[in-house]
Amino acid sequence: QVQLVESGGGLVQPGGSLRLSCAASGFTFSSASMWWYRQGLGKEREFVAFISSTGGSTFYADSVKGRFTISRDNAKNTVYLQMNSLNPEDTAVYYCNTYAQGRGHWGQGTQVTVSS
């Protein structure tokens, strides 16, 4: 079965950095595009970043462009989200997503809290 497990979240101060990981299994990771989404308290889930199967194409939400970088290591079946210059508006549960076996799949999410 398809499984996505996010990790790397935590508490950071404004201006700080975090690197999130999403470990994938149960499908051909190297053939799958991957997405990061986030959902803040009382807010709708929003798109954060996209990466193509080879890593050759990326796309970001305007709110994170220039601060966040999505990448992947197909040998490790893992997608990453490097988050720099974090601010309190980045506080959210971060989820990775893919489309495999006929439907979308979500991980359980990892909490990112940006606070002083």
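All of the numbers you see were taken from the coordinates with simple rules; none came from a lab. Treat the numbers as computed from the prediction; the structure is a model and nothing was measured. Using ideal geometry, Cβ is built from the backbone for each residue, glycine included, and neighbour counts are taken over all protein chains shown.
Tell me, what ³J(HN,Hα) does each residue in region 75-87 have, in order and in whole Hz, if you take phi through Karplus 6.51 cos²θ - 1.76 cosθ + 1.60 with θ = phi - 60° and put x for Gly and Pro?
With the stated coefficients, region 75-87 comes to 5, 9, 6, 9, 10, 10, 9, 7, 10, 10, 6, 5, 10 Hz.
What does the charge add up to near Asn84, with Lys and Arg as +1, Asp and Glu as -1, over the other residues with Cβ less than 11 Å from its Cβ?
The answer is +1.
Do you know the relative contact order of region 23-95, to the nearest whole percent, from alpha carbon pairs under 8 angstrom that are 6+ apart?
After rounding, I find 32 percent.
What net charge is computed for the residues neighbouring Ser25, neighbours being all others with C-beta under 15 Å from the C-beta of Ser25, Lys and Arg scored +1, Asp and Glu -1?
0
Using θ = phi - 60° and the Karplus form 6.51 cos²θ - 1.76 cosθ + 1.60, what ³J(HN,Hα) does each residue of region 23-30 get, whole Hz, x for Gly and Pro?
Taking θ as phi minus 60°, the curve returns 8, 10, 7, x, 7, 7, 4, 5 Hz for region 23-30.
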